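Peer 1: Quick one: this structure, given as structure tokens, is what I'll be asking you about.
The values are calculated or read from the model by the stated rules, or taken from the named source; none is laboratory data. Bear in mind the structure is a predicted one, so any value in this text is a computation, not a measurement. Cβ atoms come from the backbone with ideal geometry, glycine included; neighbour counts cover every protein chain shown. With ligands, DNA and RNA removed, areas are computed over all heavy atoms of the protein, side chains included. Shrake-Rupley method; radii C 1.70, N 1.55, O 1.52, S 1.80 Å.
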Amino acid sequence: MHKMNKPLLLALFCSTVLGACTPVAVPDQPSEPSPSASSSSDQPSVPDVTRIDAQVMIVDAQDKPVADVEVTLNSLSQAQRVERTNSEGIATFTQIPQNAEYQIEVQKTGFQKASRTADLARLVTQNQRNVSLKIILEPILSGLSGQVLDAQSTPLAGASVFDGTNTVETDKDGRFTLGYNSAQTVTLRVKKTGYEASSRQVQVAPGQVLNLGQVVLSKAASQRVIGIDLTHNSFGLSGSNALQNYQRVQSTLEAEGYKVQIITADLLNTLPSLDGLLVLSPQSTFSVEEKAAIQAFVLSGKKLVLTAEWAGFGGFSHANANQILAPFNLELGTDTLRATDQSGFLSTTNFEAHPLVQGIQRLKFFQSASVRLNQLGQPGALPVRTEDNTFRIVNTVGAFGLIGVAPFGSGNVVVVGDSSLWSDEDSDGNQIANLDEADNRKLLSQIFSW
């Protein structure tokens, strides 16, 4: 996402009723998943959260309403909402929980992207149930646009376009736009998993949006290599012992045409030969050199995938995992997500528009940590969330991230809050391996093909 240097003018006028919340009854210590549901007396109570309507008015620099603007409402604890402005420049979001902080993101062709955080719990006053916001869009004065296609002229969604400082991803039609505040020369690198990268130097002229036309990427000629890192005591186990319940992960990737390399020593010298790296629930620390090498690895156009565990799992360190994720605007919560039946199973159909989850209908997790962005408004997304009214063992209720993604340079990072969705085990006793539940296997394949 391109950050704009020019200040964004925003006026906020808001009021609502501040609703009181009752504590959620949760167990003191998370337990292993059980195939049988808890009794109704064990079920948590869901707080009565005040809901309000929010109107966002979008105008141009002459204070004229701008119609057909895509306005996105993001929150760490609520599902993403997307609306478009009407002929009066107004987008309306109905019945949104008032006790949350929201990131409002606005984009329209020909204008600079705009974003703003609105903490409704702090901005509201009493006796009203609606919020009004006004955002002024500034035109793009200098910029680049184009469309990324494959050799058969098929648009490539989710390709990374990196100018040395900022990264944007192509939309469903393969299109991208980069905006600038002044004339400059940039080196543009376009990369998509499974394709050869394309680079070119471009002169950005003042007052002009240069259309680069079609950027065609060719399929990569060599076989892609995925490394599975076992050098950091995955699940608290040493070496290849960590793979005892994940043999199907390896076979699935090999069936997709990848070469899989199991890394039990010397990660630093192995990284340059890889196209993707899967870090399964690490327990031990990463060295300073390893952290720097992993950042350079992703920056160059490679993919990092890290899986995690729920709070209380002794063979995993949230702190060590978060040290790896911090540069990518991603973070794991030291918590455990639970469905209201407290069974430990999290079946979700709550997906946001993203190539990673295209065609996926349902995923089934088996206890998970929450996944969130360090900062709303910065690059990254939460394409998979829990269903509404899932609760965390920190006394809050909402729709929390289960998977987070972030572009970084020409590459991408994916973090999954629960590794057991890809396990060979049958956690719920229904004679189906976890990997084969719902669309779990399809997710594994699409993560590495995206």
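Peer 1: Looking at K302, K291, which one is among the basic types (K, R) and surrounded by fewer than 20 Cβ atoms within 10 Å (Cβ to Cβ)?
Peer 2: K291
Peer 1: For the range 311-334, which residues satisfy the criterion of being under 22 Å from V249 (Cα atoms), open to solvent by less than 20 Å² (accessible area, probe 1.4 Å) and among the aromatic types (F, W, Y)?
Peer 2: Matches in the range 311-334: F316 only.
Peer 1: Which of the residues that make up the range 80-115 are over 15 Å from L133 (Cβ atoms) and in a strand (DSSP E or B)?
Peer 2: V82, R84, Q95, P97, Q107, F111
Peer 1: If S317 satisfies every condition in (1) over 28 Å from R224 (Cα atoms); (2) among the hydroxyl-bearing types (S, T, Y); (3) at pLDDT below 95 but one, which is the exception?
Peer 2: S317 satisfies every listed condition except (3).
Peer 1: When you scan the range 28-87, how many residues do you find that are modelled with pLDDT under 85, loosely packed, with under 14 Cβ neighbours inside 10 Å, among the polar types (S, T, N, Q) and touching a Pro at 6+ places or on another chain (Cβ under 9 Å)?
Peer 2: 1
Peer 1: Would you mind telling me which numbered condition in (1) open to solvent by 20 Å² or more (accessible area, probe 1.4 Å); (2) in a loop (DSSP other than H, G, I, E, B); (3) in contact with a His (Cβ under 9 Å, 6 or more places away or on another chain) G158 fails?
Peer 2: Going through (1) open to solvent by 20 Å² or more (accessible area, probe 1.4 Å); (2) in a loop (DSSP other than H, G, I, E, B); (3) in contact with a His (Cβ under 9 Å, 6 or more places away or on another chain) one by one, G158 breaks only (1).
Peer 1: Quick one: count up the residues across the range 116-154 that are modelled with pLDDT under 85, assigned to a strand (DSSP E or B), within 25 Å of the chain's Cα centre (by Cα) and not small (G, A, S).
Peer 2: 3
Peer 1: Within the group L210, L243, which residue is open to solvent by 30 Å² or more (accessible area, probe 1.4 Å), in contact with a strand residue (DSSP E or B) (Cβ under 8 Å, 6 or more places away or on another chain) and more than 20 Å from Q323 (Cβ to Cβ)?
Peer 2: Matching residue, one of L210, L243: L210.
Peer 1: Among the residues of the range 286-311, which ones are in a loop (DSSP other than H, G, I, E, B), under 24 Å from the mean Cα position of the chain (by Cα) and not aromatic (F, W, Y)?
Peer 2: S300, G301, K302, A308, E309, A311
Peer 1: Would you mind finding the one in R338, R362 that is open to solvent by 20 Å² or more (accessible area, probe 1.4 Å) and of a type outside the set (V, I, T)?
Peer 2: Step by step, each of R338, R362 is checked, and only R362 is open to solvent by 20 Å² or more (accessible area, probe 1.4 Å) and of a type outside the set (V, I, T).
Peer 1: A follow-up question, please. Within the range 185-209, track down each residue that is touching a residue at least 40 places away in the same chain (Cβ under 8 Å) and charged (D, E, K, R).
Peer 2: R189, K191, K192
Peer 1: Something else now. Do the conditions hold for L376, that is, is it open to solvent by less than 50 Å² (accessible area, probe 1.4 Å), assigned to a strand (DSSP E or B), within 27 Å of Q95 (Cα to Cα) and touching a Leu at 6+ places or on another chain (Cβ under 9 Å)?
Peer 2: So L376 does not fit the description; no.
Peer 1: Looking at A221, is it closer than 26 Å to T167 by Cα, over 26 Å from the mean Cα position of the chain (by Cα) and either in a strand (DSSP E or B) or of a type in the set (A, V, I, L, M, F, W, C) (or both)?
Peer 2: Spelling it out, A221 is indeed closer than 26 Å to T167 by Cα, over 26 Å from the mean Cα position of the chain (by Cα) and either in a strand (DSSP E or B) or of a type in the set (A, V, I, L, M, F, W, C) (or both).
Peer 1: Filter the range 171-185 for residues that are modelled with pLDDT of 90 or more and closer than 25 Å to N329 by Cβ and give the result.
Peer 2: Across the range 171-185, the qualifying residues are G174, R175, F176.
Peer 1: With the requirement that a residue be assigned to a loop (DSSP other than H, G, I, E, B), over 17 Å from N412 (Cα atoms) and open to solvent by 30 Å² or more (accessible area, probe 1.4 Å), what does the range 346-357 give you?
Peer 2: Scanning the range 346-357 gives a single hit, T349.
Peer 1: Quick one: which of L277, L253, L271 is of a type outside the set (K, R), under 18 Å from V414 (Cβ atoms) and not in a helix (DSSP H, G or I)?
Peer 2: Residue meeting the stated conditions: L277.
Peer 1: Does the range 257-264 contain any residue that is of a type in the set (G, A, S) and on the phi < 0 side of the Ramachandran plot?
Peer 2: no
Peer 1: Could you check how many residues of the range 390-424 are at pLDDT 95 or above and either assigned to a loop (DSSP other than H, G, I, E, B) or open to solvent by 40 Å² or more (accessible area, probe 1.4 Å) (or both)?
Peer 2: 4
Peer 1: Out of everything in the range 195-207 that is in a loop (DSSP other than H, G, I, E, B) and surrounded by fewer than 16 Cβ atoms within 10 Å (Cβ to Cβ), what residue ends up being nearest to the chain's Cα centre (by Cα)?
Peer 2: Looking at residues that are in a loop (DSSP other than H, G, I, E, B) and surrounded by fewer than 16 Cβ atoms within 10 Å (Cβ to Cβ), I get E196.
Peer 1: Here's a follow-up. Return the residues of the range 224-237 that are part of a strand (DSSP E or B) and of a type in the set (D, E, K, R); say none if nothing qualifies.
Peer 2: The one that is part of a strand (DSSP E or B) and of a type in the set (D, E, K, R): D229.
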